[in-house]
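First up is the structure itself, then whatever we jot down about it.
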Number of protein chains: 2
Amino acid sequence: MSSDAQARPTLETVAQIASVSRQTVSNVLNAPHLVRPETLDRVRAVIDELGYRPHRAARTLRTRRSHLIAARMHAPVDGISGAVLDVFIHALTTRAQERDYRVLLFAANEDQQEIAEYDELLSDHDLDAFVLTATHLGDARIAWLAEHGAAFVTFGRPWGADGGENAATHCWVDVDGAAGTYDATRHLIRNGHRRIAFLGWPEGSGVGDDRRSGWLRACREAGLDVSGLTRNVLDDLPAGRAAGAELMDGAQPPTAIVCVSDSLALGVWTEITARGLTPGRDLAVIGFDDSPTAAVIGLSSVAQPMDEVARACLDQLERVLAAKDAGIPPPGPAPILLPPSLVVRASS
Amino acid sequence: MSSDAQARPTLETVAQIASVSRQTVSNVLNAPHLVRPETLDRVRAVIDELGYRPHRAARTLRTRRSHLIAARMHAPVDGISGAVLDVFIHALTTRAQERDYRVLLFAANEDQQEIAEYDELLSDHDLDAFVLTATHLGDARIAWLAEHGAAFVTFGRPWGADGGENAATHCWVDVDGAAGTYDATRHLIRNGHRRIAFLGWPEGSGVGDDRRSGWLRACREAGLDVSGLTRNVLDDLPAGRAAGAELMDGAQPPTAIVCVSDSLALGVWTEITARGLTPGRDLAVIGFDDSPTAAVIGLSSVAQPMDEVARACLDQLERVLAAKDAGIPPPGPAPILLPPSLVVRASS
């Protein structure tokens, strides 16, 4: 098959420029655990600079791997909160491709179906690894993958009672949600707010409880009274709007509402504007996930660094796969917790 | 490898319930061109009802196909107009999986890079087929795939001067954009509007010119004067806002603006609200692609039937692949042009 692509830099070129042997370049690519960190950094820098990419077929012969990573595409709910996982898939696709991996998608409606897909993907497509998203309490997927010796990383902590055990057995990357809501609440306190409500999901979701804890910590540190200022609802705009209305109609309404998601925050925003009031002037509201809609209407929101999350997931997977190739046990987890950032707009 | 999945229905079960031989069921799956249409329909209905899915490994041995379909994940621009392609990828993943295919993603910034990825995907992962999106004038990707004998379908017409030639050589599915803007404009005319502007992309984009033509046809049929009522700008919110301001500040401002995309319509919407006016009451505005943001803020928009598009693309691909398996030339194109639907909200 002929190629219209530009002539590619070769392994030889990389070796010359990095002043190492061809074998060292090969090790950097296929067995990075054998290479000293300084050399690894130098050779990788040259690889990046030249845009060098080894031919897949040649690599498969050496490593007997498919270089396919599976990720689930979650069904769009209202296209707002859930869209952040699409952004993650985008970043993962781009960053995986730079490392000569491809992302294979699958669809599933719940965990047991996802596990059935794992089974098919392993037997039918010889998958190298899985990237799990939306981890939660009692996540059966993690136990299944560990039991079947599959390489995987989770975007999301091992939540809950068995967290300690899971944490000791697999690699994960997450965003520090509590730090995000803490920053959002601190920002409101600095702007003079004293009655700050939290609109969250029903208790028992690891992600939701974590985000609530950041708001609570900031309120407590500032000595604020939070009684009657939380509502827990399902993650959609109408639920957020109804809960926002309830808070606004209370005896002592809040002057600001921190929300666990943009879906809920947009519900509050809709209720504020429907009453002829102005978000940010009459009532402040802050969301989570920095959806495109938040940018359009001027909703402050906590943004997750999805490109960094994707890179960190791939770093973790390469550690797991290198151990597998070397025939040694999987590496211990080296959890990566990335900080989110608050994007301040007119609504606060 | 053990499976936690439910016990699956077998080929035998399908054959019994459909009252056909096992060979016929096998033909329905692997060589549908050999099966009479009525039988094909009956067996497929049973397969759907039972949720029967043949084991991939067994199929690959028979058909020597990877059952992998590649699709490009387009870089998110502002997360509004472009997000509609994510919705398509979602639908394609779900519908492909039902037919025992998986979607493999790749990233590319422009056509030549996309072509370089095709080359790698064919040689490294033995791809069965490609689904192209965002077709445009002088699309080099189509020629490359045809030349290399790759199976593919495009979501998007073969646009432009060489359209006739391309149209004769490949299968495509598209949404009738002109019908969408025609419906949107007719809806405004029925509501009493006489000065209806069109905010589009620079001329020369097949999709943009097509959408403009629907607006123009509706205006001409109603005998409306359109002089000075078009603006062509790049596809982002600030450009839409500036063009909206310019139209509003004209000597004879429009009472309604039909937009080629939600990004541009949201720009107009932002300008209207920034002036303290109300979209739909003071100035009507209609977008295209029915983004989640449109639903939140009450923007009327033309929706593309993405699930139908995904199904139609897979129908076309199965025709192409069946011909390939049978060793006969690719089937002639049987273009599928699907109607969009207008979602009316407060902004019109």
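In table form, for the structure just shown:
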| read-out | value |
| --- | --- |
| Members of segment A:67-82 that are over 13 Å from residue A:133 (Cα atoms), facing chain B (nearest Cβ under 9 Å), hydrophobic (A, V, I, L, M, F, W, C) and not in a strand (DSSP E or B) | A:80 |
| Selection count where residues are buried (at least 18 other Cβ atoms within 10 Å of the Cβ) and either among the small types (Gly, Ala, Ser) or touching a helix residue (DSSP H, G or I) at 6+ places or on another chain (Cβ under 6 Å) (or both), scope segment A:208-224 | 6 |
| Selection count, segment B:266-298, where residues are within 18 Å of the chain's Cα centre (by Cα) and either of a type in the set (D, E, K, R) or more than 14 Å from chain A (Cβ to nearest Cβ) (or both) | 3 |
| Residue ID - surrounded by the most Cβ atoms within 10 Å (Cβ to Cβ), chosen from residues in segment B:184-206 that are part of a helix (DSSP H, G or I) and under 27 Å from the mean Cα position of the chain (by Cα) | B:184 |
| Residue among A:296, A:268 that is aliphatic (A, V, I, L, M), in the same structural domain as residue A:234 (by TED's automatic domain parsing) and closer than 20 Å to residue B:82 by Cβ | A:296 |
| Residue satisfying all of: in segment A:31-66; within 11 Å of chain B (Cβ to nearest Cβ) and farther than 18 Å from residue A:12 by Cα; modelled with the lowest pLDDT among these | A:60 |
| Hey, residue A:143 within 13 Å of another protein chain (Cβ to nearest Cβ), free of Cβ contacts under 8 Å to residues at least 24 places away in the same chain and either among the polar types (S, T, N, Q) or over 25 Å from residue B:92 (Cβ atoms) (or both) or not | yes |
| Residue check, residue B:95 within 13 Å of chain A (Cβ to nearest Cβ), over 26 Å from residue A:52 (Cα atoms) and not in a loop (DSSP other than H, G, I, E, B) | yes |
| Residues located in segment A:312-324, provided they are in contact with a helix residue (DSSP H, G or I) (Cβ under 6 Å, 6 or more places away or on another chain) and more than 14 Å from every other protein chain (Cβ to nearest Cβ) | A:322 |
| Criterion (surrounded by 15 or more Cβ atoms within 10 Å (Cβ to Cβ), part of a strand (DSSP E or B), polar (S, T, N, Q) and under 20 Å from the mean Cα position of the chain (by Cα)) met by exactly one of A:263, A:301 | A:301 |
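This table checks each residue for (1) within 30 Å of residue B:296 (Cβ to Cβ); (2) at pLDDT 90 or above.
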position: A:79; (1), (2): yes, no
position: A:102; (1), (2): no, yes
position: A:110; (1), (2): yes, no
position: A:133; (1), (2): yes, yes
position: A:138; (1), (2): no, no
position: A:146; (1), (2): no, no
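The rows are residues; the columns are (1) on the phi > 0 side of the Ramachandran plot; (2) facing chain A (nearest Cβ under 9 Å); (3) within 15 Å of the chain's Cα centre (by Cα).
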position: B:87; (1), (2), (3): no, yes, yes
position: B:99; (1), (2), (3): no, no, no
position: B:127; (1), (2), (3): no, no, no
position: B:148; (1), (2), (3): no, yes, no
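So that you can scan it fast, the table gives a plain yes or no per residue for (1) among the β-branched types (Val, Ile, Thr); (2) closer than 19 Å to residue A:70 by Cα; (3) in the same structural domain as residue B:207 (by TED's automatic domain parsing):
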residue	(1), (2), (3)
B:103	yes, yes, no
B:110	no, no, no
B:135	yes, no, no
B:140	no, no, no
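The values are calculated or read from the model by the stated rules, or taken from the named source; none is laboratory data. In this text, all values refer to a predicted model and were calculated from it rather than measured experimentally. Here Cβ is always computed from backbone atoms with ideal geometry, including for glycine, and neighbour counts include all displayed protein chains.
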